[in-house]
1. If you go through segment 20-43 one residue at a time, how many are open to solvent by 60 Å² or more (accessible area, probe 1.4 Å), at pLDDT below 75 and over 30 Å from Glu112 (Cα atoms)?
2. Which numbered condition in (1) within 12 Å of Phe39 (Cβ to Cβ); (2) touching an Asp or Glu at 6+ places or on another chain (Cβ under 6 Å) is the only one that Glu83 fails?
3. Where in segment 44-104 are the strands (runs of 3 or more DSSP E), entirely inside, with at least 3 residues that are at pLDDT 90 or above and surrounded by fewer than 16 Cβ atoms within 10 Å (Cβ to Cβ)?
Amino acid sequence: MKISREFKVGGLIIVAAVLLYWGANFLKGNDIFSNNRTFYAVYENIEGLSVNKPVQINGLKIGQITQIDFHPDKSGRILVVFEVKSDYPIPSNSVAYIHSVSLLGENVIALELGSSIDLALTGDTLASGTDGNLTDAMYEQIAPLKAKAEHLLNTLDTAVSQVTGFLNDNTRQDFIQTFKSLRTTFENLERSTYDIEMIIE
């Protein structure tokens, strides 16, 4: 059976299209031939979260976010769709937290595994939450240092105010007169010393 040239060309185009589609997804981190599990989570606010951001368990990437959109119930909440590539068992009562990983507000989804013996199945909606961002955590650490620095600045400000108040016009004049008197005393002492040397000679 002779295969026509048009059939060969058509076959090559189909194969090329499949390879192109697979290659584009592979570069995005998606493997179309793998049995990924798809899960959903609903949030009030997803600031710093975006498509292709990782999904982690204890810091290990096991998947990524594939879609973000408004919830169909028109409540204004955000529906996040993510795929888990690992076959690691995820209990049905696990929680998908939005977790901050940088001071620039970059967030990921961190799964906190539950204790249920029932496992989450593809298409399930997991409980969601926010574990507090990194900026808040750092502020809690820096706050005591900030308080000490403010106390030190207040102390310095008080000391400067006291010194400034002490060195008013009258006080400055007194200091000037004192230094003049000391200078006169030293000049007299120098002349007396010279007179004594002359007498000795």
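The values are calculated or read from the model by the stated rules, or taken from the named source; none is laboratory data. Bear in mind that the values here come from a model prediction, so they are computed numbers and not experimental data. A quick note on method: Cβ atoms are made from the backbone with ideal geometry, for glycine too, and the neighbour counts reach across all protein chains shown. All accessible areas refer to the heavy atoms of the entire protein, side chains included, with ligands and DNA or RNA removed. Shrake-Rupley method; radii C 1.70, N 1.55, O 1.52, S 1.80 Å.
1. Pass one, segment 20-43, residues open to solvent by 60 Å² or more (accessible area, probe 1.4 Å): 20-22, 26-28, 31-33, 35, 40.
Adding the requirement that they be at pLDDT below 75 leaves 21-22, 26-28, 31-33, 35.
Subsequent filtering for residues that are over 30 Å from Glu112 (Cα atoms) retains 21-22.
Qualifying residue count, segment 20-43: 2.
2. (2)
3. Hits in segment 44-104: 60-70.
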